[in-house]
Amino acid sequence: MIFLQFARPYLHIKKQLPSPPGCRHFWGWLNAVFNRVDYERIKEAGPDRAASEWLLRCGAKVRYKGFDKWQNDYNGLPTGTREQYKIQGIDATESCIMYRGFDYLDGLEHVEEIKLCKCMYIEDACLERLSKVENLQKSLKSLDIITCGNVSDKGVISLNTLSNLQHLFLSDLPAIKQREKTVELLQKAIPSLHIKLDLD
């Protein structure tokens, strides 16, 4: 835990500096470590607290139900009972969240909005996994997917199980090749969904 506290601040510096040979492998390994699921921690602290720790460790932000402020300081996570702080919003902009950490989402019951922007590890499998989370199928209302180069039509179409989704924003996704067909399939599955596109 001490290592994570010291390493976390330097992840943002890493984004601004060129990577010397061998450095990319190290950061990939470190990000995988940040995404490893600690099931004992989920049982001990509750799903919202454990997921908050995962998301902030990876550089994302969370917003709790009943609060306007976004939480982005790992060491400043609020303490309290499990019922006090329920994640309602996730902003994963420029974070290192990846598929292996998505088990943290399973226990979240109040997430209404998720923003995936410039997430280098987000791919079709992540969206497919997200769409299978039963709690998110009920609660998620807004989803933004922006500048995630590994997201294709397949991943976007898999979102058709998010039956309560009201807003979907897709921007700068070069792997999407069949825009009209993809939108048509989603709209048919979720008639009330408003889809905003910026894919040119």
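The values are calculated or read from the model by the stated rules, or taken from the named source; none is laboratory data. The model shown is predicted, which means the values in this text are computed figures rather than measured ones. Positions of Cβ are generated from backbone atoms using ideal geometry, with glycine treated the same way; all protein chains shown enter the neighbour counts. Please note that ligands, DNA and RNA were not included when accessible areas were found on the heavy atoms of the full protein model with its side chains. Shrake-Rupley method; radii C 1.70, N 1.55, O 1.52, S 1.80 Å.
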With a 1.4 angstrom probe the carbon and sulfur portion of accessible area for region 36-193, in percent, totals 46
accessible surface per residue for the chain, probe 1.4 Å, DNA/RNA/ligands not counted, whole Å² -> 54
Between the residues F169, G149, Q187, the Cα farthest towards the positive end of the dipole of region 117-200, that dipole coming from +1 and -1 charges on the beta-carbon of Lys, Arg, Asp and Glu, is from Q187
GNM of the chain, Cα pairs under 10 angstrom: of G76, G107, G59, the biggest fluctuation goes to G76
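Using helices alone, I'd like the mean residue ellipticity at 222 nm for the chain: each DSSP H run of four-plus residues gives -39500 (n - 2.57), total over residue count, nearest 500.
-10000 deg cm²/dmol
For region 29-176, what proportion of DSSP beta bridges, expressed in % and rounded to the nearest 5, is antiparallel?
Roughly 30 percent of the beta bridges in region 29-176 run antiparallel, per DSSP.
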